[in-house]
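Right, one structure below, let's go through it.
Derivation of every value follows stated rules applied to the coordinates shown; laboratory data play no part. Fair warning: this is a prediction, and the values are worked out from it, not measured in the lab. Every residue, glycine as well, gets a Cβ built from its backbone with ideal geometry; the counts of neighbours run over all protein chains shown.
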Amino acid sequence: MPRFLLLLWLSGMTMLSNGQQLRNPVPPSYNADMQRLLVISTANFIYGICQGQMDRDSSTVFSANMFGLSRLLAYNEDFSSGKDYPGQQLIDSGRITTAEQRLADLQGDARLQLLAELCIYYLHKPGSEKRDMDKAIIFIEQLHQAANAKWLPYSLWLLGQLYSEKNEEVKSRQYLEQATTLCRKAGNARMLATSLLYQAGSLPPGLPERELYLQEALSICKKVKLPLLQYRVMIVLLLDHTHTHPELVLNELQEVLALEKKIGFLHNQYVYSVLSFWYSMQGNLLQAKLNAEEAITCMEATRDTALSTTYCKRMSEANANLNNMPAATYWNARALSIPKTRETQVFWFKSFLGKIRLLNKQDLYEQSLKLAKDISSRYPPTNAFDKMHLIYNMGYCYDALHQDEQALDYYLQFLDMAKHFPPQFTYTEMLVAYNQVSTFYFRKGNYAASREYAMKILEGPIGQGTVPTRAAAYHLLFRLDSVAGKYASAIQHYQKFHRFADSTYSISQRKKMDELTVQYETKKKDQDIRILTKDSQLQKEKLARSSMMGNATLAGAVVLLIIVGLLYNQYRVKQRVNRETLARNTALQQLVEEKEWLLREVHHRVKNNLQTIVSLLESQSANLQNEALLAIQESQNRIHAMSLIHQKLYHNENISSVNMGAYLPELIQYLCDSYDVRSRIKVMVNVEEAELDVSQAIPLGLIVNEAVTNAIKYAFPKPGPGDNIIISFLNESGGYAKLCISDNGTGIAPGILNSKIQGLGLKLIRGLTKDIDATLDIHSTNGTSITITFLVSRPLRSVTGLPATNLVNAAV
């Protein structure tokens, strides 16, 4: 049994591991700002290594998903309030329509932030659909119109980005310039540096104006110590300088690496990988390999499984350049060991191309050609770069096998695709391919075409290619000039060829290569010895565990039987307890039902007795006149107010509380009928649905009875068309309720209101108010207004689905 559970656990862990191989963890030391930097830095690296086959927005979304972070994180630094507003969560979960609908319910910063988030979602959505831009315009215009002084720079930045995406550069510059001017006037250094970064981002690389914006932003960040923003500016400058000032790139990469370590950014593999690439271009193959190794170390430290194929591929290339083919083959195999999903094909497919190049480097052309065809069938290229270079490699194989017709066919296909490939993403692979095509044309006697592609190597947009590639290009030009009889030019090209060839294969570098190879072999042997020793120890431990497992299995079986017996006994006890509990609950339920029935019967009899008293008073009033008759009538009304409550309790399911929304309008209707108000007084009632305890409902009913009766009898001695009485009962905050009875009649004289001697009605109102611990406020200006505020003894419960009663007796 334990062995089975162990195997099941190990199987589950294996499946979990495979399922998470493409999800990278976020270091616990990263706060929200560092997480944002992680997404931006990773997206820049992905954008670069994909060579234009994944746009910036797609790279950012992929980066956010890779770490399980919000897709808005890379863009919302400037306006995110940090509060738990609903927009980001809804957008990340794909509920965009719901997010848009929430706009109607939000106000202030919450609404403005959601508008900005929706604009960012559509503006930076992968692809370039017109409907997405149209949606973005709608939300950004709403934000700009509603923006206050705080939000105005953010809305201008978004407008600038939006029109930059739409290639309307004039509008984009106008909005971004407005934002920068606002930030300068405000004296906010961080916002000014951010605005300058946005201004630079709206301009194409290479413009002097773009460089000026970035340099000013960098200067501000260094001056006021904004390291995270400084990092972002340096990355943009670095990407620009790869095309405009490649001689600065190595130093700037070292500065970026130093800043990463200073701020605690652990994902240094991106910079190390790029450093390895640039050192290889300079011909410094040892430094290229050392930086590739550093990238692998950082990859393992940060558990970067999603992009591991990229670092392993770089390590394979660094070893291949040093002619260490076993190590190059090993790292290429590791690069191809990740799950080959379609979403990550843009990364791992390049390692297949690297495997083809390794076979060609070992003169295994037939095997290389077979692999290329197999890849084309099993993993068809999904983007222009992969398709173009797979075609080139097949042409190279045919070229090496001296099948010139097939080679030319594939070379022509490659060159046709290369014409349409973005020049800013023409890296070393393209220049190596041009070198081979130039060599092919030279061998075939097509010297014009050979010279054309040799010159393309030297015109490469990134540092004119690697040192070995430039050496090969100058050698080709030397041969071409020699054939053409241009001996002076041939000598110059030959001298340049030797200069580059010597810098790549100097005696000192070969000596260092040999030392590195010896160190590698020694390290590998030591590692093999450690592995063998560890295997021996594992075998011993395995035998010991096997013996222990047998004993543990027997003991486990005994313990399992004991546990099963205890569980069965516990089950029987629980069943018995459940039966006893059910019987007690049934008896209690019967007692509760009997109690409720008795209470209903009590309320019914109290109501009948009160109705009997009302009938007796009615009989007595037949022999009375004037004041005595009025006194009897008032007593009838008071008794009816109490009787009505007991009637409600008898009929309601809840026998402990009274629904004021039903009780008060019926009581007031009764009073209006009793005094034959008809149409001479307009009685308006506004009562919210609420449940009150009987101890509070009866005094309130009597208070309403007294107040309304006094208003009907004394407020309007000369009835007119504008006479009205207003009764309202409203729920207040904090568990309070407010009852208000007002009229526009003659009012109560101040002397009567303030004297100790008062009528029975006012005494009753004051006394009943004290009974329920309420505050009483009586005003007699433009009529009489009685307001009673009290704390409800049970929580007010509004009846859902029913509005407050409005104008119950609009004109009685």
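A few remarks follow.
- In terms of its C-alpha gyration tensor, the stretch 68-173 comes out oblate, because a/c is 1.5 or above while a/b does not outweigh b/c.
- By other beta-carbon atoms within 10 Å, ranking MET417, MET642 with the fewest at the front produces MET417, MET642.
- A simple spin-label model places the labels of THR787 and THR97 4.7 nm from each other, with each point 7 Å out along Cα-to-Cβ.
- Neighbourhood net charge (11 Å Cβ-Cβ; Lys/Arg +1, Asp/Glu -1) for LYS125: -2
- Ignoring aspartates and glutamates fewer than eight residues from LYS718 along the same chain, the ones with Cα atoms less than 15 angstrom from its Cα are ASP743.
- Cut-off 9 Å between beta-carbons: net charge of the residues surrounding SER316, Lys and Arg +1, Asp and Glu -1: +3
- Which listed pairs, of LYS370/LYS456; LYS150/LYS262; LYS313/LYS361; LYS340/LYS534; LYS340/LYS373; LYS313/LYS387, have C-alpha distances above 27 Å, in listed order: LYS370/LYS456; LYS150/LYS262; LYS340/LYS534
- Using the Cβ-Cβ distance between LYS534 and ILE562 with R0 set to 30 Å, the FRET efficiency works out to roughly 0.15.
- A Förster radius of 30 Å combined with the Cβ-Cβ distance from LEU106 to MET133 puts the calculated FRET efficiency at roughly 0.80.
- Mean-position separation - Cα centroids, the stretch 116-177 and the stretch 192-260, in angstrom: 23 Å
- At most 13 other Cβ within 10 Å, DSSP loop - trypsin sites (Lys or Arg not before Pro), the stretch 115-153: LYS150
- Charge tally around PHE440: other residues with Cβ under 15 Å, Lys/Arg +1 each, Asp/Glu -1 each, net 0.
- Estimated at 0.36 nm per residue, the fully extended path between ARG680 and LEU364 surpasses their Cα-Cα distance by 102.5 nm.
- Selection of trypsin sites (Lys or Arg not before Pro), the stretch 742-782, meeting DSSP coil and at most 13 other Cβ within 10 Å: LYS756
- The overall shape of the stretch 266-328 is oblate: from the C-alpha gyration tensor, with semi-axes ordered a ≥ b ≥ c, the ratio a/c is 1.5 or greater and a/b is no larger than b/c.
- Among the GluC sites (Glu not before Pro) in the stretch 151-251, those placed in a DSSP loop whose Cβ has at most 14 other Cβ atoms within 10 Å are GLU168.
- Whether the stretch 271-406 is rounded, prolate or oblate, judged on the alpha carbon gyration tensor where a/c under 1.5 counts as rounded: oblate
- Between the stretch 693-763 and the stretch 23-81, the alpha-carbon center distance in angstrom: 68 Å
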